[in-house]
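Asker: Below you will find the structure I want to go over with you.
We did not get these values from a lab; they are worked out from the coordinates using the rules stated. All of these numbers come straight from a predicted model, not from anything done at the bench. Cβ sites come from the backbone with ideal geometry, for glycine too, and all protein chains shown count toward neighbours.
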Amino acid sequence: MKAGWAALALGLALSAPSVAMAQQTDRVLAEALFREGRELIEQDKVSEACAKFAESYRLDQALGTLINLALCHEKEGKTATAWAEFSDAASAAAAEKDDRESFARRHMASLEAELPRLRMVVAPDTESLPSLEIKLDGHAIGKAAWSTLLPIDPGDHVLVAGAEGKNPFEAKVVIGKGAGVTNVNVPPLEDAPKAIVVPPPPREEPPPSRSPQRTIGYAVGGVGVVGLVVGAAFGVSALSLKGDRDQRCTGGFCDQEGLEADRSARTNATISTVSFIAGGALLLGGAALVLTAKKTETANKVSLGVGPRGVLLGGSF
């Protein structure tokens, strides 16, 4: 516990000099800016002087700087700004029991008699909008202040009213010098155009897939066609070998080549017969599978026929 307190004390001791140094630097810079502001006032460069006083007061909130800033704004013609600054100066002087309170209050009273004021007259339909926001020169004005007489500096101002789903209303307001009230009417806000939603392009449906049964039918039929081709080839070979055998066999007797030709002819004839039977069966089975499969959007046509060189399978798919 003691170690913790010791560490805290050490941290505060180390940080205190840096904080004090930063504050001292701000005060030095504030004093330099204040003196530059006084010189600029003497040169009648009022706007530049006000900027110096404002920055000086930001760095060091000294009562004398605030009073000089108020006097500068009064000379610049920003009566409402000067009036508010004299009000702050009077309050600060009263808290410090400073004699400059009476000086600040006299200037307040003098300026108040010459203050121009702005009043916003908001249409009921607009005022009832839950998301309504009104800004004066970029600063939001709370609802409680809409109908209040707001002190305002002479010159050009911009008032903007906006709400969700509504077109914004903008008014340029010119405030003259001297006392007076300027009313700004905020009318009912028009509906903003609804965003045009472009529908996505229609999704292209993939072409209907072929039935698995149809695919199997084509495969089976293709094997059947191969069987028929094989049967035809072996049939032609058997006929050729039979011719060779007949030439080498007479009276029921055959030489060696005739016997071999006879055996080969019989073997090829058997293969041809089996191939024709199997190929025909497969071809008919494949055609049946294709014809009984579910039809797709595109009509499929299958034709089966016999040509001069064998069985023909054709169609459009």
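Asker: Need the full-extension length gain, Ala95 to Ala171, defined as separation in residues times 0.36 nm minus the C-alpha distance. One decimal, nm.
Answerer: Full extension from Ala95 to Ala171 adds 23.3 nm.
Asker: With a sphere of radius 15 Å drawn around the Cβ of Val121, what net charge do the other residues whose Cβ falls strictly inside it have (Lys, Arg +1; Asp, Glu -1)?
Answerer: Net charge around Val121: +1.
Asker: For a 26 Å ceiling on Cα separation, which of these pairs sit above it: Lys143/Lys194; Lys45/Lys177; Lys78/Lys166; Lys97/Lys177; Lys45/Lys172? Mind showing how you got there, number by number?
Answerer: On the way: Lys143/Lys194 28 Å; Lys45/Lys177 21 Å; Lys78/Lys166 34 Å; Lys97/Lys177 34 Å; Lys45/Lys172 28 Å.
Table pairs above 26 Å Cα-Cα are Lys143/Lys194; Lys78/Lys166; Lys97/Lys177; Lys45/Lys172.
Asker: So which trypsin sites (Lys or Arg not before Pro) in segment 49-109 are both in a DSSP loop and have at most 10 other Cβ atoms within 10 Å of their Cβ?
Answerer: Lys97
Asker: So what is the relative contact order for segment 19-112, in percent, with contacts set as C-alpha pairs under 8 Å and at least six apart?
Answerer: Across segment 19-112, relative contact order equals 19 percent.
Asker: Given segment 116-186, what whole percent of its Cα pairs are spread farther than 16 Å?
Answerer: Roughly 44 percent, rounded to a whole number.
Asker: Another one. Going by how many other Cβ atoms sit within 10 Å of their own, how do His157, His107, His73, His139 line up, fewest first?
Answerer: So the ranking, lowest neighbour count to highest, is His139, His157, His107, His73.
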